[in-house]
1. Name the helices (complete DSSP H segments) of the chain with a Cα length along the long axis of 18 Å or more and a Kyte-Doolittle mean of at least -1.0, or state none.
2. Arrange the following residues from fewest to most other Cβ atoms within 10 Å of their Cβ: Trp23, Trp153.
3. Once the dipole of the chain is set up with Lys and Arg at +1 and Asp and Glu at -1 on Cβ about the Cα centre, which of Leu32, Leu68, Gly274 lies farthest towards its positive end?
4. In the neighborhood of Glu266, defined by Cβ-to-Cβ distances under 14 Å, what is the net charge if each Lys or Arg adds +1 and each Asp or Glu adds -1?
5. Let me have the 222 nm mean residue ellipticity of the chain computed from DSSP H runs of 4+ only, each contributing -39500 (n - 2.57), with the sum over all residues rounded to the nearest 500.
6. Leaving out same-chain residues fewer than 8 places away, which lysines sit with a Cα under 23 Å from that of Lys54?
7. At most 14 other Cβ atoms within 10 Å and a DSSP loop assignment: could you name the trypsin sites (Lys or Arg not before Pro) in the stretch 5-114 that fit?
8. Which lysines have a Cα lying under 20 Å from the Cα of Lys166, excluding residues fewer than 8 positions away in the same chain?
Amino acid sequence: MKVLFFTGKGGVGKSTLAAAAAWQLSQKYRVLIVSLDPAHNLGDIFEVSLGDKKTSFSDGLQLKEVDLRKRAKAYLRSEIEALAGTYRYLQVLNLDCCFSVLQYSPGIEEYALLTSIEETLRDENDIDYVIFDTPPTGLTLRFLALPAITLTWIDRLMDIRREILKKRYTIQKIRGPGKEAHTLDYDPESDALLTKLETMRANYQALGRTLRSESCSFVVVFNPDILSRRESERLLDGLHELRFPVRLLIDNKVTPENEQTAAEVEADVGKLAGENVSLERVRLAAGLGGENREKLYYIAEDIASYIEKSP
Ligand SMILES: Nc1ncnc2c1ncn2[C@@H]1O[C@H](COP(=O)(O)OP(=O)(O)OP(=O)(O)O)[C@@H](O)[C@H]1O
Ligand SMILES: [Mg+2]
C-alpha cells in the first residue's frame, strides 16, 4: 500500500489535486481518499455527502471525511477511562468535569487526527493508494510532529516510573516483606503502567517508521506567488526537520500571465526541497470551481503519472 499526503498553504489546491490524483489513480488501482481537514470539502468536490465512514464513489475509489469532533471526544473518553482504571483510588478526581474541560484543550484535535491516520493505515489491507488531504500547513505540521514529541514524553515518563518503582522497592525492603496491607508491585517487567507506556511507544515508533518509509510520499502543493512560496519554505523546513519524505512538488494554478513568477517560485521551492524531488505544473483550469463548474476532479494534467514516476 502506498500512502500520499497532499500538503500546502490554505487555498493552494490541496483538496482539488488530491481528488484529481485519487480519481485518476482509481482508473488502475484501488484508492481511498481521506480528508483530514476540519473544514472538509471533499464531499463538495465529488458532489456527494460524506461522513466518518468510507463511501464507495466508483469501482476503484472510496472517500471519507474524518469527523474530528467525534474522534476527539472518543479519544478523550478512552484516555479518561484508562485514567479512571489506573487511578481507581482517586475518587476526588471528577472525571466528567475533566472531560468537559479537556475537550477544548490544545493538542486534542492533533491527537485525534493522528489516531485516525493510524487507524486507516492499520485497517486498510485491500487498498493500493491511501491519499490524505491535509489541513493547511500549521495544523498539519503540528499533528505530524506529535509522534516525535510524544516519544520524548513517553521516554521521560518511563524513566520517572522506573524511579518510582525503585523507590517503592527500597521502602518495601526497609519495612520488610509481608508487613503491608498489600504488597507493593515493584517489578518493572510486570508493572501495568510501564507496559502501557511501552505499548504506546511501540505504536508511535511504528507509525513514525511507516510515515518515513519508501511507501510514503509527501506532496507539497504551492501557487506561483510570493506568499505561497514563503509558506512552502516553512512547510518544507518542517517536513525536513521531522524527516518526512517529500517526493513531489506541484506548482498549481499557473497561467500564461504568471508564468514568469511561476518559474522563479519553482526555482526557490525546488532548491529548498533538494535533489530527487519531482516538480510539476498544473495550469489554472478555466471553469473549475465557477458557477457552471466542470467536475473539480477533472484536471487535465496526468497527476497519477506524476505520482507514479516520482522517486
Ligand atoms: N488547477 C486549478 N484550476 C482552477 N481552479 C483551481 C485549481 N486548483 C484549485 N482550484 C480552485 O481553488 C480553490 C481552492 O482549492 P482547494 O479547496 O483545492 O484548496 P485547498 O488547498 O484544499 O484549500 P484549503 O486549505 O482551504 O483546504 C477552489 O475553488 C478550487 O476549485
Ligand atoms: Mg482543502
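1. Working: long enough: 68-86 (27 Å, -0.44); 108-123 (22 Å, -0.21); 137-175 (56 Å, 0.04); 192-211 (29 Å, -0.05); 226-241 (23 Å, -0.81); 259-273 (20 Å, -0.21).
Once both thresholds are applied, what remains is 68-86, 108-123, 137-175, 192-211, 226-241, 259-273.
2. With the fewest neighbours first, Trp23, Trp153 line up as Trp153, Trp23.
3. Leu68
4. Numbers: positive: Arg229, Lys253, Lys271, Arg281, Arg283; negative: Asp225, Glu233, Asp251, Glu259, Glu264, Asp268, Glu280.
Spelling it out: positives minus negatives among the neighbours equals -2.
5. Details: 10 runs with 157 residues, N = 311.
About -16500 deg cm²/dmol.
6. Lys2, Lys14, Lys28, Lys64, Lys70, Lys73, Lys295
7. Numbers: sites: Lys9, Lys14, Lys28, Arg30, Lys53, Lys54, Lys64, Arg69, Lys70, Arg71, Lys73, Arg77, Arg88; in loops: Lys9, Lys28, Arg30, Lys53, Lys54, Arg88.
Sites meeting the loop and neighbour criteria: Lys28, Lys53, Arg88.
8. Lys179, Lys196
Only the coordinates and a few stated rules stand behind these numbers; no lab work does. Small disclaimer: the values here were computed from a predicted structure and weren't measured. Note that each Cβ is placed from the backbone with ideal geometry, even for glycine, and that neighbours are counted across all protein chains shown.
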